[in-house]
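> Quick one: the structure is below, questions incoming.
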Amino acid sequence: MCGAFILFLVLVAVFADPLSHLIGWGPTQQDRATGTTADGLPVGPGRIHLLGADQLGRDVLVRLIYGARVSLVVGVSAAIAAVLIGVIIGLCAGFLGPAVDSVLARLMDVVLAFPFLLFAIALVTVVGPSELLEIAVIAFFSWAAVGRIVRGQTLAIREREYVEAARSLGAGNLRIMVVDVLPNLIAPVLVYVTLLIPISIVFEATLSFLGVGIIPPTPSWGNMLDDAQQGGLYQVAWWFLTFPAAALVLTTLAFNLLGDSVRDALDPRTERLFAK
């Protein structure tokens, strides 16, 4: 079920433009005539705007669809970047000896000690908000956790008999890491990727909610939630807050359940352990 929902979400994000054309509204198109009331309040779900409109008369459904594209692009890109960096550094830390391990392990500790939101706000203030910067910031604060996992796995694998056999045959460190150690890290890394994507999506929504992420009027679930709470608008327009919040919760839940399923499939012993 979670896989079907994620597939549906991916299809919606990929085909956002034709879906927007089919619905009849653009993501930034304002409809003051039928999207707001005579008092200037957004209209609720109905025939013209299926999930209602926001305070500017923009269609909530269309903005949700484009927000899904932003969340998936940022979430998946940041997760992949973080995993690549974490795997490389964790592999080197766990395999290349105590001196390298000490330096890289302290580097991971430093990164994990950084206050994420303060650093992101300060950086965006200097550089300016952008989608690429969001990906870079989220990846920077995520790779250290991946690195720790890979480092621990590598420390255990490096003492295995087949690694010692490869050394005795004259294989170099790089070859052993790539050919003998890395394939045994695929399972835990794959599980962590599926769990890191929803974390990255929540990070993106948080940055956009705080005004240091996606630049309006480009829709993001985070800045939609920010718009809804401006002036207590959600109190008279429940749909404006409910639908982006539900989309965020369901997406993170689906990816977390997928991660649990992948973990159980790759390591059935874990499932049996908890079943007892």
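> If a residue has to be in a loop (DSSP other than H, G, I, E, B) and under 18 Å from the mean Cα position of the chain (by Cα) to count, how many in region 167-214 make the cut?
Residues flagged as in a loop (DSSP other than H, G, I, E, B) and under 18 Å from the mean Cα position of the chain (by Cα) within region 167-214 amount to 5.
> Sticking with this structure for a sec: Look at region 215-248 and say how many of its residues are among the small types (Gly, Ala, Ser), over 19 Å from Val10 (Cα atoms) and in a helix (DSSP H, G or I). Working first, answer last.
To start, the set of residues in region 215-248 that are among the small types (Gly, Ala, Ser) comprises 220, 222, 228, 231-232, 237, 245-247.
Next cut, over 19 Å from Val10 (Cα atoms) only: 228, 231-232, 237.
Applying the additional criterion that residues be in a helix (DSSP H, G or I) yields 228, 231-232.
Of the residues in region 215-248, 3 are among the small types (Gly, Ala, Ser), over 19 Å from Val10 (Cα atoms) and in a helix (DSSP H, G or I).
> I would also like to ask the following. Given the options Leu155, Leu123, Leu118, name the one that is out of contact with any Lys or Arg (no Cβ under 8 Å at 6 or more places or on another chain), part of a helix (DSSP H, G or I), exposed (fewer than 14 other Cβ atoms within 10 Å of the Cβ) and aliphatic (A, V, I, L, M).
Leu118
> Next question. Could you grab me the full set of residues in region 1-22 that are within 14 Å of Thr194 (Cα to Cα) and of a type in the set (A, V, I, L, M)?
Ile6, Leu7
> From the list Ser20, Ser71, Ser77, exactly one residue is over 20 Å from Pro217 (Cα atoms) and among the polar types (S, T, N, Q). Which is it?
Ser77
Results for (1) crowded, with 22+ Cβ neighbours inside 10 Å; (2) within 30 Å of Glu159 (Cα to Cα), shown as yes or no for each residue.
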{"residue": "Ala13", "(1), (2)": "no, no"}
{"residue": "Ala16", "(1), (2)": "no, no"}
{"residue": "His21", "(1), (2)": "no, no"}
{"residue": "Trp25", "(1), (2)": "yes, no"}
{"residue": "Ala53", "(1), (2)": "yes, no"}
{"residue": "Asp59", "(1), (2)": "yes, no"}
{"residue": "Gly75", "(1), (2)": "yes, no"}
{"residue": "Gly86", "(1), (2)": "yes, yes"}
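> Is at least one residue of region 116-133 at pLDDT 85 or above and acidic (Asp, Glu)?
no
> Is it the case that Ile138 is among the β-branched types (Val, Ile, Thr), in contact (Cβ under 8 Å) with a residue 24 or more places away in the chain, buried (at least 16 other Cβ atoms within 10 Å of the Cβ) and over 30 Å from Asp180 (Cβ atoms)?
So Ile138 fits the description; yes.
> If a residue has to be under 15 Å from Tyr66 (Cα atoms) and in a loop (DSSP other than H, G, I, E, B) to count, how many in region 22-51 make the cut? Show your work before the answer.
At the first step, the residues of region 22-51 found to be under 15 Å from Tyr66 (Cα atoms) are 22-29, 51.
Okay, now just the ones that are also in a loop (DSSP other than H, G, I, E, B), so 24-29, 51.
Count: 7.
The values are calculated or read from the model by the stated rules, or taken from the named source; none is laboratory data. These figures come from a predicted structure and were not determined experimentally. Don't worry about glycine lacking a Cβ; one is built from the backbone with ideal geometry, like all the others, and counts go over all protein chains shown.
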